[in-house]
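The structure under discussion appears below in the form of structure tokens.
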Amino acid sequence: AEQQLRFRGTVIRGFGRGSKELGCPTANLDVNSFPWLDNCAIGVYYGWASVPAARPGAVLPAVVSVGYNPHYGNTTKTLEVHIMDEFESDFYDSVLNLVLVGYIRPMEKYDSLDALIAAIDADKAFAADKLAGDAWAELKADAFFSATD
Ligand code: ADP
Ligand code: MG
């Protein structure tokens, strides 16, 4: 049987710390809405996401980080969703539905920006490979992804 973690939340503002500049905008969700996130390993996950208000009917591959925000001296956990598709505009305050289906790696510190970007690229490639194919058709058709509030 498959194990999946489901999240539904409104996209909040992060610190805009250059995720977009890294070519990897991340839609942040409020971790306080998900107390059981404390039981999840810190690291990078992959899964499926929808933002019906911005992309009606679409269920899109995503790379997700559960980590600590350096801005708060590594004490505050963040949940950040990079959707592997292009959006015409930002979708803050919209509902995002997320199902995590796999774990990629723990968080690491990188020696350089280039090393970090290479790691992110590798995460995206790994996720794209795992999420390809017909195996996900049933999950992607789940009504969970249609909710807008
Ligand atoms: P913040 O620090 O506010 O989270 P980011 O630089 O991480 O800023 O940008 C995240 C925002 O970019 C999201 O909240 C969303 O509105 C927008 N966005 C545009 N394209 C994407 C995408 N492919 N995946 C995730 N967010 C995206
Ligand atoms: Mg972000």
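The values are calculated or read from the model by the stated rules, or taken from the named source; none is laboratory data. No experiment lies behind these values; they were computed from the predicted model shown. Here Cβ is always computed from backbone atoms with ideal geometry, including for glycine, and neighbour counts include all displayed protein chains.
Restricting attention to region 59-70, does a residue exist that is small (Gly, Ala, Ser) and in contact (Cβ under 8 Å) with a residue 60 or more places away in the chain?
Going through region 59-70, the residues small (Gly, Ala, Ser) turn out to be 62, 65, 67.
Then drop every residue that is not in contact (Cβ under 8 Å) with a residue 60 or more places away in the chain, which leaves 62.
Yes, there is a match, as at least one residue in region 59-70 is small (Gly, Ala, Ser) and in contact (Cβ under 8 Å) with a residue 60 or more places away in the chain.
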Worksheet item: What is the number of the single condition among (1) assigned to a loop (DSSP other than H, G, I, E, B); (2) among the small types (Gly, Ala, Ser); (3) modelled with pLDDT under 95 that Ala115 does not meet?
Response: (1)
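Look through Gly9, Gly14 and report the one residue that is within 13 Å of ligand 1 (Cβ to nearest atom), of a type outside the set (Ser, Thr, Tyr) and in contact with a helix residue (DSSP H, G or I) (Cβ under 6 Å, 6 or more places away or on another chain).
Details: Gly14 fails: in contact with a helix residue (DSSP H, G or I) (Cβ under 6 Å, 6 or more places away or on another chain).
The unique qualifying residue is Gly9.
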